[in-house]
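Worksheet for the structure shown next.
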Amino acid sequence: MKPAAFRYHAPKTIDEAVALLAEVAPQDGRVLAGGQSLVPTMAFRLAKPTHLVDINGVAALNRLGVAGGKLVIGACVRHAAFHRPVCEGPLGALLRDVVRHIAHYPIRNRGTFCGSLAHADPASEWCLVMAALDGEVAAKSAHGERVIAARDFFKGVMTTALRDDELLVEARLNILGADTRCGFYEFSRRAGDFAMAAALCSYRLEAGKIVAPRIALGGAEPSPRRIAEAERALAGAVPGDKAFRAAAQAAMAAVDPMEDATTSAEFRRDLVLAVTRRALERADKS
């Protein structure tokens, strides 16, 4: 099929894009960045926006760098930018590890980090990263700018706190300390498929014991989130199989997994057990 008719807009500045959104959002205007989710749904006429605001010509949205102790990722930064470490230390290495699990290489060359956040697929790797590391996004509209914490941004399947007339300008992640250990693991039926469950963890060691643990899950529930019960099971423990299994068991017990035509809730719960333990094992080796 072909998309329904729409009007195309190509702003050159953030202010111009925001002004356009203020005008066309009430008429089902949409933002176009990478287009890897929006364009296919338009082709099948599952989405019929009357206006497209193409932000690819806004040079300011290509920002990618460290400022104020945070990694700042502009709205037009592609997945492929993370094939190499974009910052020093564990965060750069973690993002490089995660990106190779996102779809396939051609899609990574076009899709964007922030577009993935705005789409809010439960299986999104970048959404999981943001939830696990307590990231934040900056959104701008004609009414002003606001910063939204990741824990408040994701509202459910394909649903966020972003308003129709707001442009997601950038995402921000805190730079991780050099002694932070990180691990990521996801399960999908085939390489490039959406994850059925994924886990991301980080922690530091003090006197041989785990401190500041973070364990987050994606793909299993409508939105990615940190699992406090699993973090409590890990805090103060000596890293190893016993501690990792206890944290994985706590994560499995804490989730309320989704079901679909091919995957039962019980199977997803079992996957949570496996991916959590394996993410922790990878962190231990990092």
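Readers should treat all values here as calculations from the given coordinates under stated rules, not as data from a laboratory. For clarity, every value in this text was computed on a predicted model and none was experimentally measured. Glycine gets a Cβ as well: all are built from the backbone with ideal geometry, and neighbour counts include every protein chain shown.
A few comments on the model shown:
- Charge context of residue 175, other residues only, Cβ under 9 angstrom, K/R +1, D/E -1: 0
- Pairs from the list 12/155; 209/242; 155/242; 70/209 with a Cα-Cα gap above 25 Å: 12/155; 155/242; 70/209.
- Cα centroids of region 137-202 and region 61-105: 13 Å apart.
- Among 79, 143, 119: highest mean-square fluctuation, GNM of the chain, C-alpha pairs under 10 Å: 143
- Contact order relative to length of region 7-54, as percent, for alpha carbon pairs under 8 angstrom and 6 or more apart: 55 percent
- Shape class for the chain, computed from the alpha carbon gyration tensor (a ≥ b ≥ c): prolate, with a/c not under 1.5 and a/b above b/c.
- Cα gyration tensor shape of region 181-284, rounded if a/c is under 1.5, else prolate or oblate by comparing a/b with b/c: prolate
- Loop-resident GluC sites (Glu not before Pro) (DSSP state other than H, G, I, E or B) in region 185-277 with no more than 13 further Cβ atoms inside 10 Å of their Cβ: 259.
- Tail beyond 22 Å, pair distance distribution of region 83-168 (Cα, percent): 30 percent
- Shape class for region 145-232: oblate, because the ratio a/c of the largest to smallest gyration tensor axis (alpha-carbon atoms, square roots of eigenvalues) is 1.5 or more and b/c is at least a/b.
- Length added when fully stretched, residue 241-residue 60, from 0.36 nm per residue minus Cα-Cα: 60.5 nm
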